[in-house]
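Student: Just dropping this structure here.
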Amino acid sequence: LRWGSSLAKCRPQVSQKATVSRSRSVPVVAMSQTWRFYSFLAVSCCMASALNSTCASPGTAGPYLLQAHQARSRVAVQHGVSSGLMTMWSDSETTVVGGSCEYANAANGGLQSPAASSPYIAAKAYCAADSALYAAGAACGSCWRVSYDGSSATDPGTAGSMIVQIVDSGSAKTFDCQVVAFETITGARTGVFPITYEPVECDTAVSGASATVLDGDNAWYTKVIFSNLLHAVSAAELNVGSKTFQMSRVSGATWSANTDGSTGSASFSVTLDSGDVVSIPSCFAAWPVATGDSCTASASPSPSTSPSPSPPVSTSSPAPPSQCTATGENCQSSTCCSQAGYQCYEKDQYWASCRDSCVPGINPLDPPEYQTPWSCTILGTSPSPSPSPSPSPAPAPAP
């Protein structure tokens, strides 16, 4: 990745920032002989034709892998998923500190920052993304189901799948993942693997949505990061007293506002990329607040539009949503889920939870003290309206 301008001309879609920032992805000493061989072929070919964006010779590994990847991408997109490539980022347990999304901002406590409360950070189920997926920070905090099907890669591997969260930018491939996530998905610790990926809703910590001030003690300007949400943030606003200030993305997952010297109680409202709105009311009693201060609220989003009234149900129908269990709570008693599309999955005799899917066994996203196997027995689902009765056919006229 650092072999001069000739290589840069071969791969113009990879920015200088990306190649430098991801140089820590796979140490050369840890790369397999197979990957070094592919790298040598690809770089030698590209440097021989530096004005071309890909290698010209059909007999080398570079264009073969590229063409195969492009073909897989076209097929995958037609079926609602995307395909890409994945590498290993680092085996360091603190590699997320310094990530461009700033969830574990070193100046705000690193892994102890309130913004680093995501269960994916605790489980090391996080990745960096390439520039297209990262989208200038719009993907920060988004979650993706990344899967490897066991097909040919630079290193031996085994098929696997995991939901990961994006916390950094600059990957030369689609995903560059911490070694725990990388090994869970591929069964390997190094190499380049073809993967498929699709967006999913994130799991959240029980503490709820969080707003952490990264630039405080100022009634005229502030910088805030929002975390522990079901989806990435697409818009945000700050309310101070009777005034509302639209916030702008600074970089990564951070947002800023010019607050006009306002003081008073403060609250936040964030719009997720799903269209849902999450409110963090009564966040701070007196604005401005110090750098590092944070507040939390329920992570359950309030709909951006008024919900339609629920139709009446008979006594034999499932419980109405108001009596069903919210995501993240124990649904053993109600056996139904308030969120559409979710099912109540049993973990053991003491706990069940509303989820969109469940894999039997230990969930690495559970807190360490609760990492016991899930049975994934379905106790119930989200309620659905009873169908309207069909009208009785009119009797035929008498002859």
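The values are calculated or read from the model by the stated rules, or taken from the named source; none is laboratory data. These numbers were taken from a predicted model, which means no experiment stands behind them. Reconstructed Cβ throughout: ideal geometry from the backbone, glycine too, with neighbour counts over all protein chains shown. Ligands, DNA and RNA are excluded from the accessible area calculation, which covers all protein heavy atoms including side chains. Shrake-Rupley method; radii C 1.70, N 1.55, O 1.52, S 1.80 Å.
Student: Here is a check on your reading of the model: is Ala153 closer than 16 Å to Trp89 by Cβ and either surrounded by 19 or more Cβ atoms within 10 Å (Cβ to Cβ) or under 13 Å from the mean Cα position of the chain (by Cα) (or both)?
Tutor: no
Student: Continuing with the same structure: Quick check on my filter: what residues within the stretch 285-327 are at pLDDT 75 or above and assigned to a loop (DSSP other than H, G, I, E, B)? I'd like the intermediate steps shown before the answer.
Tutor: Restricting attention to the stretch 285-327, the residues satisfying the condition of being at pLDDT 75 or above are 285-297, 323-327.
Selection gives Pro288, Val289, Ala290, Thr291, Gly292, Asp293, Cys324, Ala326, Thr327.
Student: Ok, one more. Those residues that are outside any strand (DSSP E or B) and open to solvent by less than 20 Å² (accessible area, probe 1.4 Å), I need them from the stretch 253-284; list them, please.
Tutor: Matches in the stretch 253-284: Ala253, Thr259, Ser262.
Student: Additional query: Would you call Gly150 in contact with a strand residue (DSSP E or B) (Cβ under 9 Å, 6 or more places away or on another chain) and free of Cβ contacts under 8 Å to residues at least 12 places away in the same chain? Explain how you work it out, then say what you get.
Tutor: Values: in contact with a strand residue (DSSP E or B) (Cβ under 9 Å, 6 or more places away or on another chain): yes; free of Cβ contacts under 8 Å to residues at least 12 places away in the same chain: yes.
So Gly150 passes the test.
Student: Which one of these is under 22 Å from Cys354 (Cα atoms) and of a type in the set (A, V, I, L, M, F, W, C): Val192, Val277, Val270?
Tutor: Numbers: Val192 fails: under 22 Å from Cys354 (Cα atoms); Val270 fails: under 22 Å from Cys354 (Cα atoms).
One residue alone meets the criteria, Val277.
Student: Follow-up question, since we're still on this one. Looking at the structure I just gave you, is Gly141 on the phi > 0 side of the Ramachandran plot and out of contact with any Asp or Glu (no Cβ under 7 Å at 6 or more places or on another chain)?
Tutor: On the way: on the phi > 0 side of the Ramachandran plot: yes; out of contact with any Asp or Glu (no Cβ under 7 Å at 6 or more places or on another chain): yes.
Taking the combined requirement at face value, the residue satisfies it.
Student: Further question: Having 1 or more residues that are more than 15 Å from Val270 (Cβ to Cβ) and open to solvent by 10 Å² or more (accessible area, probe 1.4 Å) is the bar; report the strands (runs of 3 or more DSSP E) wholly within the stretch 173-251 that clear it. Before you say what the answer is, go through the steps one by one.
Tutor: Values: elements: 175-177, 193-200, 209-215, 221-227, 233-240, 243-246, 248-251.
Once the strands (runs of 3 or more DSSP E) in the stretch 173-251 are filtered for at least 1 residues that are more than 15 Å from Val270 (Cβ to Cβ) and open to solvent by 10 Å² or more (accessible area, probe 1.4 Å), what remains is 193-200, 209-215, 221-227, 243-246, 248-251.
Student: Could you look through the stretch 359-368, keep only residues that are open to solvent by 30 Å² or more (accessible area, probe 1.4 Å) and under 17 Å from Val200 (Cβ atoms), and pick out the one that is modelled with the highest pLDDT?
Tutor: Val359
Student: List the number of the failed condition for Ala115; all other conditions in (1) over 26 Å from Cys295 (Cα atoms); (2) open to solvent by less than 40 Å² (accessible area, probe 1.4 Å); (3) of a type in the set (A, V, I, L, M, F, W, C); (4) in a helix (DSSP H, G or I) hold.
Tutor: Among (1) over 26 Å from Cys295 (Cα atoms); (2) open to solvent by less than 40 Å² (accessible area, probe 1.4 Å); (3) of a type in the set (A, V, I, L, M, F, W, C); (4) in a helix (DSSP H, G or I), the lone unmet condition for Ala115 is (1).
Student: Further, regarding this structure: For residues that are of a type in the set (Ser, Thr, Tyr), in a strand (DSSP E or B) and open to solvent by less than 20 Å² (accessible area, probe 1.4 Å), tally how many sit in the stretch 134-149. Talk me through it step by step, then tell me what you get.
Tutor: Of the stretch 134-149, the ones of a type in the set (Ser, Thr, Tyr) are 134, 142, 147-148.
Among the residues that remain, those that are also in a strand (DSSP E or B) are: 147-148.
Imposing the further condition that a residue be open to solvent by less than 20 Å² (accessible area, probe 1.4 Å) reduces the set to 148.
Counting residues in the stretch 134-149 that are of a type in the set (Ser, Thr, Tyr), in a strand (DSSP E or B) and open to solvent by less than 20 Å² (accessible area, probe 1.4 Å) gives 1.
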